[in-house]
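So the structure is just underneath, and the comments pick up after that.
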Amino acid sequence: MSCCDRDQLRSVDAMLEELLNKATPVKESINTPIANALGAVLAEDVISSIDVPPYNNSAVDGYVVIAEEHSSNVAVTLEISQRIPAGSTPLPLQPSTAARIFTGATIPDNATAVVMQEDCTEQDGKVTLPAGIKLNQNIRPQGQDIKTNQIILKKGHRIRAQDMGLMASIGVANVKVYRPLKVAILSTGDELIEPGETTKEGQIYNSNRYTLKGLLDGFGFEVVDFGIVEDTLNSTLNALTKAANAADIIITSGGVSVGEEDHVKAAINQLGELDLWKLAIKPGKPFAYGKIDNTPVMGLPGNPGAVFVTFCILARPFLLKSQGAERTNTHSFKLPIGFSLRKPGKRREYLRTRLNYEQGVATIENHPNQSSGVLSSASWADGFAVIPEHTTPQQGDLVEFWPFSELLG
Ligand code: AMP
Ligand code: MG
């Protein structure tokens, strides 16, 4: 590589910023039952038309009273004037009585405290309540969770399990979400065969196809799989043309390096435009980005380790923004490393690492084989440790850890 090529390496941050600027969020939305909405991105604010809970209700099984009737330092025995199970409509509480009540049941309008049954003694239709009854104790007030007209979830939010429950709690059955992106995947390489086939000399199994399929499925994208593409310019042109017609975004693997057998960049150039390439990321330097008509193409490297890293770090935020998601970044944590680095690198490195807990304290453990051709390190790992360019963190130093639970859909 010449000095100038090296100078042209683009930083991960600059690349991400450019990629996010180029991502155009999908516009079309669909109405979907909330039960099917996991992972989808909201195309509108979700606004509540009710209070949740809709009425004051009891937080415990016990006895409901009018707190103001009772001096706080005297125990009292009261007649039980009604029984209020959850789901029933109570009568107003008769003065100087108590009512039996259960968790979630409506508090009578004039009642103001619930005493938990563990603190009471019931006998012959009467209950003895302890001293110290406080106003509003054990009452969950109407609207304590959600108020009428409150926005409970915002447009651009990716729906999680608890959000499905939250929408259900305000009675929403269907929700407007962006239609899932169609993402085409192409695996370039004459050496590739599919699992289930028998390898001949010089052949390897196509693993990138399945890594990408799994990653894309995890985000709820619709995968359009173009299988294996031969290492010729014609086949690559052909496959990319079809993919550009069939999908919103194309992801290729392999063939983006500088060898004669690498045709992806040339093909993107011929069919559209190639915008950015050569990246200060390890693994994954030969990442390419371009456009065919209006279809963005991300050319990932061929090495399986590099595919995993470049997808998580670069393709993921681009895809999420294209899907209409407001949040594309990831939470990370600074944790001490249990190893030392020797040489500073010119590229930001995403080490495949694991957390080790000793006496409840986490330390980052490095996989011994960080080769871009190795995939078992990614399977072994539960996150990336991010080593900034030009640094050599030593054992015990704090390093950013990006958990896969954050990165994978
Ligand atoms: P390339 O960028 O096409 O030169 O590929 C770089 C390395 O990744 C080579 O060793 C390829 O054999 C390997 N490779 C490319 N595509 C795949 C794939 N789909 N599955 C597994 N390995 C691959
Ligand atoms: Mg190749």
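The values are calculated or read from the model by the stated rules, or taken from the named source; none is laboratory data. In this text, all values refer to a predicted model and were calculated from it rather than measured experimentally. Because the Cβ atoms are built from the backbone with ideal geometry, glycine has one as well, and the counts that use them run over all protein chains shown. Ligands, DNA and RNA are excluded from the accessible area calculation, which covers all protein heavy atoms including side chains. Shrake-Rupley method; radii C 1.70, N 1.55, O 1.52, S 1.80 Å.
Taken together, the criteria exclude residue 256 from residues that are surrounded by 20 or more Cβ atoms within 10 Å (Cβ to Cβ), closer than 30 Å to residue 38 by Cβ and assigned by TED's automatic domain parsing to the domain that holds residue 296. Right, residue 309: at pLDDT 95 or above and outside the structural domain of residue 160 (by TED's automatic domain parsing) or not? Considered against the rule, which asks whether it is at pLDDT 95 or above and outside the structural domain of residue 160 (by TED's automatic domain parsing), residue 309 comes out as yes. Does residue 241 fit the bill of being within 12 Å of ligand 2 (Cβ to nearest atom) and of a type outside the set (A, V, I, L, M)? The answer is no for residue 241.
The residues in the stretch 194-212 that are within 11 Å of ligand 1 (Cβ to nearest atom) and among the charged types (D, E, K, R) can be counted, and the count is 2.
If the condition is being part of a loop (DSSP other than H, G, I, E, B) and more than 10 Å from ligand 1 (Cβ to nearest atom), then the stretch 172-193 contributes 172, 173, 179, 180, 181. Among residues of the stretch 124-147 that are modelled with pLDDT under 95, none has a Cβ under 6 angstrom from a residue that is in a strand (DSSP E or B) at a sequence gap of 6+ or on a separate chain.
When the test is whether a residue is within 13 Å of ligand 1 (Cβ to nearest atom), out of contact with any Leu (no Cβ under 6 Å at 6 or more places or on another chain) and among the charged types (D, E, K, R), residue 222 does not pass it. Of all residues in the stretch 357-390, those satisfying the criterion of being in a loop (DSSP other than H, G, I, E, B), modelled with pLDDT of 95 or more and open to solvent by 50 Å² or more (accessible area, probe 1.4 Å) are 368, 369, 371, 375, 382, 388, 390. When 254, 218 are screened for being away from ligand 2 (no atom under 15 Å from the Cβ) and not basic (Lys, Arg), only 218 passes.
Checking the stated criteria, residue 318 turns out not to satisfy the condition of being within 16 Å of ligand 2 (Cβ to nearest atom) and either open to solvent by 30 Å² or more (accessible area, probe 1.4 Å) or not assigned by TED's automatic domain parsing to the domain that holds residue 362 (or both). Of the residues making up the stretch 325-338, those that are more than 20 Å from residue 310 (Cβ to Cβ) and buried (at least 17 other Cβ atoms within 10 Å of the Cβ) are 335, 337, 338. Look at (1) out of contact with any strand residue (DSSP E or B) (no Cβ under 8 Å at 6 or more places or on another chain); (2) open to solvent by 40 Å² or more (accessible area, probe 1.4 Å) and you find that residue 145 fails only one, number (1). For the stretch 102-125, the tally of residues that are more than 22 Å from residue 142 (Cα to Cα), open to solvent by less than 60 Å² (accessible area, probe 1.4 Å) and out of contact with any Ser or Thr (no Cβ under 9 Å at 6 or more places or on another chain) stands at 1.
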